[in-house]
Amino acid sequence: MEENVTFRDFYLPVSFFRIIFVRTMKRIPLYKFFKHKYGQELLVDVVNLDKMKPDIHRTPVYRETFYSLLLITSGSEAVTINNHAATVSRGHVLTSIPGEIWAMCADSKLEALNLIFEEEFLLDFFSDTHFLDHFRYLQADRPSPFLILDDKLNERLLQLYLDMQREIHRPEQDQHILRAMLYEALMLLSRTRFMEETKKETDTNEAVNANRYIDGFRSLVEEHYKEEHGVVFYADRLFITTNYLNKLVRSSLGVSTKQYILSRIMQEACNLLRYTSLSVQDIAAQLHFETATYFTRIFYNYKKQTPLNYRNNAK
């Protein structure tokens, strides 16, 4: 991994499903894919978690610009991904998409293999630019970033990870073979269940299949939520009326269009308050609120506490 942010970080021990940090960083560090690790450009890798631990020790809270599929092979401890927390162990796969926030124990004792890749690696072969949208566990609104494997699937996936690792380290690795292996891994993970669904013993069938407008709306929100807070912008980009967009969003997602946008803005606000030392005024500016006072009022209405109280309570 390549890091493009420098900061200092101090940590305290894990306390049951929470990882508590005392920090002086100005922003959450962002790790980029090391494209030329093996000489020629390669946008997929299988990395032993042990190789990542020095970085995790130094920056246990971080974001990534790539997809991660972390297969736990031994150990048990708490991990948080985008405010979803769970105690993970052998047979769990931790999924993250670009931009999501990881919070791990700085002295992690987990053993794992991490399959990481850039979307471009697949798009070079598949003509469908929305190929990854077919995988529920790689969507921003998935029920949980934690997947559970049965023993048979766990062994098969572990062997596939090891085979990929061997192919990557061959003097003349074959990217077509690696692409086929990655595709197999993605398909195998489609057979897993979300951890939260397993605990609640809910039906695995999705109640609602999002149509193309909902998919487009979600993508637009992820791209523009910081600077575009209004419904009109998203309806215009989708070439539909605001009333029709709100009807679709409420039917598929259970909230109004405005509430969905605000929820995404507030999620980022909470991340910045919890994991950075940015002032409330700086956070308000990053999220394109006119004033810090207005941001504070909106945040209080949403969280029933001020931004500073939220930050203090999150420590």
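The values are calculated or read from the model by the stated rules, or taken from the named source; none is laboratory data. Note that the coordinates shown come from a computational prediction; the quantities given were computed from them, not determined experimentally. Here the Cβ positions follow ideal geometry from the backbone for every residue, glycine too, while neighbour counts run over all protein chains shown.
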Item to check | Residues being of a type in the set (Ser, Thr, Tyr) and buried (at least 19 other Cβ atoms within 10 Å of the Cβ) - total across the range 272-292 | outcome: 2
Checklist outcome for this item: If we keep only residues of the range 224-236 that are surrounded by fewer than 15 Cβ atoms within 10 Å (Cβ to Cβ) and of a type in the set (D, E, K, R), then the residue farthest from Glu268 (Cα to Cα) is Asp236
Checklist entry - If you check Asn154 against the conditions, is it closer than 19 Å to Thr65 by Cα and modelled with pLDDT of 95 or more? => result no
Checklist entry - Out of (1) surrounded by fewer than 20 Cβ atoms within 10 Å (Cβ to Cβ); (2) out of contact with any Leu (no Cβ under 7 Å at 6 or more places or on another chain); (3) over 22 Å from Lys35 (Cα atoms), what's the single condition that is false for Met104? => result (1)
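Conditions tested, residue by residue: (1) acidic (Asp, Glu); (2) surrounded by 12 or more Cβ atoms within 10 Å (Cβ to Cβ); (3) modelled with pLDDT under 50; (4) outside the structural domain of Leu178 (by TED's automatic domain parsing).
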| position | (1), (2), (3), (4) |
| --- | --- |
| Phe7 | no, yes, yes, no |
| Phe17 | no, no, yes, no |
| Ile20 | no, yes, yes, no |
| Leu30 | no, yes, no, no |
| Phe34 | no, yes, no, no |
| Tyr38 | no, yes, no, no |
| Asp45 | yes, yes, no, no |
| Met52 | no, yes, no, no |
| Ile56 | no, yes, no, no |
Checklist entry - If you scan the range 64-87, which residues turn out to be over 25 Å from Leu178 (Cβ atoms) and surrounded by fewer than 21 Cβ atoms within 10 Å (Cβ to Cβ)? => result Ser74, Gly75, Ser76, Glu77, Ala78, Thr80, Asn82, Asn83, His84, Ala85, Ala86, Thr87
Checklist outcome for this item: Note on the range 158-194: residues among the charged types (D, E, K, R), part of a loop (DSSP other than H, G, I, E, B) and either outside the structural domain of Phe131 (by TED's automatic domain parsing) or over 17 Å from Ile148 (Cβ atoms) (or both) are Arg170, Glu172, Asp174
Checklist entry - Looking at Ser279, Ser252, which is the one that is over 24 Å from Val61 (Cα atoms) and not aromatic (Phe, Trp, Tyr)? => result Ser252
Checklist entry - Do we find a residue being more than 30 Å from Asp174 (Cα to Cα) and either assigned to a strand (DSSP E or B) or aromatic (Phe, Trp, Tyr) (or both) anywhere in the range 57-66? => result yes
Checklist entry - Just wondering, is there one or more residues in the range 286-307 that are within 21 Å of the chain's Cα centre (by Cα) and not charged (D, E, K, R)? => result yes
Checklist outcome for this item: The residue that is farthest from Tyr213 (Cα to Cα), considering only those in the range 253-268 that are part of a helix (DSSP H, G or I) and β-branched (Val, Ile, Thr), is Ile265
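It is to be established whether one or more residues within the range 124-133 are of a type in the set (Asp, Glu), in a strand (DSSP E or B) and in contact with a helix residue (DSSP H, G or I) (Cβ under 8 Å, 6 or more places away or on another chain). Walk me through it before giving the result.
First, pick out the residues of the range 124-133 that are of a type in the set (Asp, Glu): 124, 128, 133.
Imposing the further condition that a residue be in a strand (DSSP E or B) reduces the set to none.
Checked against the condition, which is being of a type in the set (Asp, Glu), in a strand (DSSP E or B) and in contact with a helix residue (DSSP H, G or I) (Cβ under 8 Å, 6 or more places away or on another chain), the range 124-133 yields no hits at all.
A quick yes/no check of all residues on (1) in a helix (DSSP H, G or I); (2) at pLDDT 90 or above; (3) surrounded by fewer than 14 Cβ atoms within 10 Å (Cβ to Cβ):
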| site | (1), (2), (3) |
| --- | --- |
| Lys247 | yes, no, no |
| Cys270 | yes, yes, no |
| Tyr294 | yes, yes, yes |
| Ile298 | yes, yes, no |
| Asn309 | yes, yes, no |
| Asn313 | yes, no, yes |
Next on the checklist: For the list (1) touching a strand residue (DSSP E or B) at 6+ places or on another chain (Cβ under 7 Å); (2) farther than 23 Å from Leu138 by Cβ, I need the number of the one condition that Leu49 fails.
Outcome noted: (2)
Checklist entry - Pairs under 8 Å by beta carbon, first residue more than 18 Å from Leu94 (Cα to Cα) in the range 129-145, partner of a type outside the set (Phe, Trp, Tyr) and not in a loop (DSSP other than H, G, I, E, B), six or more apart or different chains? => result Thr129/Leu123; His130/Asp215; Phe131/Leu122; Phe131/Leu123
